[in-house]
Amino acid sequence: MVHFLLKRPIAVIMAFLACLIVGLVTYFSLPVSLLPGIAIPHITVQIQGDDTGARELENNVTATVRRQLLQVGGLNEIKSLTRDGLSVIQLEFDYGVNTDLAFIEVNEKIDAAMNTLPRDTRRPKAIKASATDIPVLYLNMTLRSDRPYGSTDETRFLQMCELADNVVRRRIEQLPEIAMADVTGIPGQYLGQLQNPVEMLKNYTSVK
């Protein structure tokens, strides 16, 4: 091989220049993005059932929707979790599946399932996973007086939840760089009303 290349120096130089030119063209034409449009093969279906128990929601709504979604092409795995008032179905597809087409098919199956669901059932919502949905910052709020494995003052904890939802979340969403702020780990109902946010902030500590 070396003897063959030594006898043809012009061919070697031309091949080297061709590779160099192709590399330069590719380098300058290749798009660069901090958040590339990666197609994540996951789709989540949320089913709302206000004032509906977990077993009733599972038997009357979730099971029917899940049977319809099993017919979606390219489906690799399906999981569901049901609790009082809410059911979540997670669909995982094979890599390489066109998620846009899969999203359309999922909505078609949901529409087909609506014909057999109770009349007062709200249409399930399909959510397509995206790389831009991955949180860039987590902010944890805890009571200053809390200790590991110790008891928690429920009243102050609920007040902290109200503070996080009504004050901290809204202040963060007002920042120009923030698209959305989501709060998790708080109960649906708060105990008491927020009276003085400044005084209440002194009772909590935040960890980034």
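The values are calculated or read from the model by the stated rules, or taken from the named source; none is laboratory data. Only a predicted model underlies this, so the values are computations on that prediction, with no experimental measurement involved. A quick note on method: Cβ atoms are made from the backbone with ideal geometry, for glycine too, and the neighbour counts reach across all protein chains shown.
Per-structure values
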{"item": "Scan of the stretch 22-45 for residues that are modelled with pLDDT of 75 or more, under 31 Å from the mean Cα position of the chain (by Cα) and surrounded by 10 or more Cβ atoms within 10 Å (Cβ to Cβ), ordered by number", "result": "ILE40, PRO41, HIS42, ILE43, THR44, VAL45"}
{"item": "Elements of type helices (runs of 4 or more DSSP H) in the stretch 73-184, at least 3 residues being surrounded by fewer than 14 Cβ atoms within 10 Å (Cβ to Cβ) and either in contact (Cβ under 8 Å) with a residue 40 or more places away in the chain or not basic (Lys, Arg) (or both)", "result": "99-114"}
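So that you can scan it fast, the table gives a plain yes or no per residue for (1) modelled with pLDDT of 90 or more; (2) of a type in the set (Ser, Thr, Tyr):
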position	(1), (2)
THR62	yes, yes
VAL88	yes, no
GLY96	no, no
ASP111	yes, no
LEU143	no, no
ASP146	no, no
